[in-house]
């Protein structure tokens, strides 16, 4: 395959994915207005086992870039949200893709996408609890 063919195939792939990406970006933009910083500080109650579950659920339905998650995590910590909840939230925010599920399922398969999301969700809770305990931050 020469450079011209590779560039043409890349352009075709980008063009085929574009409607999905635009739809996901629009959906994320609409839904992000409902999940403000005060929303997150109101749902966490300080329970060591319930907060990571809530954090993972909230992170799963939110979407964001890893760099932004640190800023949001700092804001949540300043509002009194527990570190285990923030850790679970950030891990699931970056790794679980509820909103991007249709696009991922279309290109990678429904079974793979479902298993990946379930495992990412479960491990976001486990890793958050273990990380906070290991570093004695509770």
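The values are calculated or read from the model by the stated rules, or taken from the named source; none is laboratory data. Keep in mind it's a predicted model, so treat the numbers as computed, not measured. Because the Cβ atoms are built from the backbone with ideal geometry, glycine has one as well, and the counts that use them run over all protein chains shown.
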Residue 97 vs. criteria over 24 Å from residue 30 (Cα atoms) and not in a helix (DSSP H, G or I):
no
Here the qualifying pairs (Cβ atoms under 6 Å; residues six or more apart or on different chains; first in the stretch 1-12 and without any contact (Cβ under 8 Å) to a residue 24 or more places away in the chain and on the phi > 0 side of the Ramachandran plot; second surrounded by 10 or more Cβ atoms within 10 Å (Cβ to Cβ) and part of a helix (DSSP H, G or I)) come out as none
Cβ-Cβ below 6 Å, separation at least six or inter-chain, first residue in the stretch 68-88 and more than 17 Å from residue 134 (Cβ to Cβ), second surrounded by fewer than 18 Cβ atoms within 10 Å (Cβ to Cβ): which pairs?
75/37; 79/41; 81/41
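Among the candidates 91, 118, 130, 125, single out the residue that is crowded, with 20+ Cβ neighbours inside 10 Å and free of Cβ contacts under 8 Å to residues at least 40 places away in the same chain.
Numbers: 118 fails: crowded, with 20+ Cβ neighbours inside 10 Å; 130 fails: crowded, with 20+ Cβ neighbours inside 10 Å; 125 fails: free of Cβ contacts under 8 Å to residues at least 40 places away in the same chain.
On inspection, the qualifying residue turns out to be 91.
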Could you please tell me which pairs satisfy a Cβ distance under 7 Å, a separation of 6+ or placement on different chains, a first residue in the stretch 30-51 that is at positive phi, and a second residue that is modelled with pLDDT of 75 or more?
46/82
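I'd like the residue in the stretch 52-85 that is within 11 Å of the chain's Cα centre (by Cα) and not in a helix (DSSP H, G or I) and, out of all such residues, is surrounded by the fewest Cβ atoms within 10 Å (Cβ to Cβ).
Start the filter on the stretch 52-85 by keeping residues that are within 11 Å of the chain's Cα centre (by Cα), which leaves 55-66, 69.
Checking which are not in a helix (DSSP H, G or I) leaves us with 62-65.
Values: 62: 21, 63: 20, 64: 15, 65: 9.
Only one residue tops the list, namely 65.
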